[in-house]
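Written out below as structure tokens is the structure these notes cover.
Please treat every number below as a calculation from the coordinates, not as lab data. Remember, it's a predicted structure, so these values are computed and weren't measured experimentally. For neighbour counting, all protein chains shown are included, and Cβ atoms are generated from backbone atoms with ideal geometry for every residue, glycine included.
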Amino acid sequence: VAELACTERESDSEMQIDALRGETTTVRSKLNVTNQDLAAIKIRLNSAIHEVSRATSQLESANQEIAGLRSQQEVADRKTACLQARVEEANQEVVVLKTRLDVTGKKAAEV
């Protein structure tokens with residue numbers, strides 16, 4: 001009887017061990033899949049980080065180009081202001097010369 005009880009316990013223990021081995025295999029498989037998923041996520045993350053870095057670099061270049069264009073615009077605005085001032089001066093001189101011409105014309109008509 002004792003031997004039979006011992007054999008049943010061994011049989012139960014072996015079944016439990018087999019069940020644990022099966023669970024361990026299942027857990028290892030799931031862990032392997034999870035590790036593969038993590039590796040794929042890491043690759044995508046590194047790719048995204050690289051893309052963000054590239055986009056940031058392009059943005060910095062664009063900002064530098066915008067700064068250069070603003071500087072050129074400021075120079076052009078100053079030149080335009082100078083030219084407008086010259087045009088105003090020339091228009092005033094034209095008015096003065098027309099007035100002188102009218103005065104000269106009147107004097108010539110009187111003579």
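Data table
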| item | result |
| --- | --- |
| Read-out semi-axes √(5λ) of the Cα gyration tensor in Å, derived from the coordinates shown; its label in (i) 104, 10, 6; (ii) 48, 36, 16; (iii) 69, 30, 12 | (i) |
| Helical contribution to [θ] at 222 nm, DSSP H n ≥ 4, -39,500 (n - 2.57), averaged over the chain, rounded to 500 | -38000 deg cm²/dmol |
| 0 to 90° range, to nearest 10: angle between helix 2-110 axis and the chain longest Cα axis | 0 |
| Two-site label geometry, Glu93 and Asn63: point separation in nm, points 7 Å out along Cα→Cβ | 4.7 |
| Label-point gap, in nm, between Lys107 and Ser71 - each point 7 angstrom along Cα→Cβ | 5.5 |
